[in-house]
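The values are calculated or read from the model by the stated rules, or taken from the named source; none is laboratory data. As the structure is a prediction and not an experimental result, all values here were calculated from the model. In this analysis, Cβ positions are derived from the backbone assuming ideal geometry, glycine residues included, and neighbour counts consider all displayed protein chains.
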Amino acid sequence: MAESTPCGVCRIHAGAAGAEQQIHRGGVWLLRHHPLPAPLPGWLVLDSLRHVGGAIDFDATECADLGPMLQRSSALVRDLTGCERVYAIAFGEGARHFHLHLIPRHGADAATESWGVADLYRQVAGGGRTAADPELVAQLVARAREATAAW
């Protein structure tokens, strides 16, 4: 899949950016925290290691491994944040490399409700809402690395 500009997700995988947010690399997946400024602590991203645009391009291994990895990763978000639900959203517009956002849904926080997470994302990106505390994100990443060491 040719692109006119280098893929940002591939740069993350190569360690050129975001190494401090990487949690677990195994099999065909990389699990990482959303880059700073993060909209929420515990907003994780599951990337295919191979540069593919989406699930339609997955090979047999990626197809077989997605379900178990998604289940483990979603449980990790819940364990790290205490959220009631975990949203899984993949658009692929910002980077045309499969990356699945795993977003904690907290019942008491209306900003995390359904499509409101898109507004939350835009507000943080635009400076209208305070991003997640980088120190808290670093603590969650450290805890997540410990929790995923045996995966």
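Suppose we keep only residues that are buried (at least 16 other Cβ atoms within 10 Å of the Cβ) and under 17 Å from residue 7 (Cβ atoms) within the stretch 59-96. Which one would you say is modelled with the lowest pLDDT?
Step by step, filter the stretch 59-96, then rank; the result is 95.
Would you call residue 65 in contact with a Gly (Cβ under 7 Å, 6 or more places away or on another chain) and more than 30 Å from residue 127 (Cα to Cα)? Working first, answer last.
Details: in contact with a Gly (Cβ under 7 Å, 6 or more places away or on another chain): yes; more than 30 Å from residue 127 (Cα to Cα): yes.
Here the answer is yes, as residue 65 does meet what is asked.
Return only the number of the condition from (1) in contact (Cβ under 8 Å) with a residue 12 or more places away in the chain; (2) farther than 26 Å from residue 53 by Cα; (3) hydrophobic (A, V, I, L, M, F, W, C) that residue 89 does not satisfy.
(2)
Let me confirm something: among 100, 31, 36, 40, which residue is crowded, with 19+ Cβ neighbours inside 10 Å and in a loop (DSSP other than H, G, I, E, B)?
Working: 100 fails: in a loop (DSSP other than H, G, I, E, B); 31 fails: in a loop (DSSP other than H, G, I, E, B); 36 fails: crowded, with 19+ Cβ neighbours inside 10 Å.
Only one candidate qualifies: 40.
Please go through the stretch 46-70 and pick out each residue that is within 26 Å of residue 104 (Cβ to Cβ), part of a helix (DSSP H, G or I) and among the charged types (D, E, K, R).
Result: 62, 65.
Specify the residue that is farthest from residue 138 (Cα to Cα); the eligible residues are those in the stretch 79-97 that are out of contact with any strand residue (DSSP E or B) (no Cβ under 6 Å at 6 or more places or on another chain) and part of a helix (DSSP H, G or I).
Step by step, filter the stretch 79-97, then rank; the result is 79.
So residue 73 passes all but one of these: (1) touching a residue at least 40 places away in the same chain (Cβ under 8 Å); (2) over 30 Å from residue 128 (Cα atoms). Which condition number does it fail?
The one condition residue 73 does not meet is (2).
Please go through the stretch 67-97 and pick out each residue that is more than 19 Å from residue 146 (Cα to Cα), of a type in the set (A, V, I, L, M, F, W, C) and touching a helix residue (DSSP H, G or I) at 6+ places or on another chain (Cβ under 7 Å).
Passing the criteria: 83, 86, 88, 95.
Could you count how many residues in the stretch 125-151 are under 14 Å from residue 37 (Cα atoms), touching a Leu at 6+ places or on another chain (Cβ under 6 Å) and assigned to a helix (DSSP H, G or I)?
1
Of everything in the stretch 25-58, what is hydrophobic (A, V, I, L, M, F, W, C) and touching a residue at least 60 places away in the same chain (Cβ under 8 Å)? Give them in sequence order. Break it down into steps so the answer makes sense when it comes.
So in the stretch 25-58, the residues hydrophobic (A, V, I, L, M, F, W, C) come out as 28-31, 36, 38, 40, 43-46, 49, 52, 55-56, 58.
Those that are hydrophobic (A, V, I, L, M, F, W, C) and touching a residue at least 60 places away in the same chain (Cβ under 8 Å): 31, 36, 38, 40, 43, 44.
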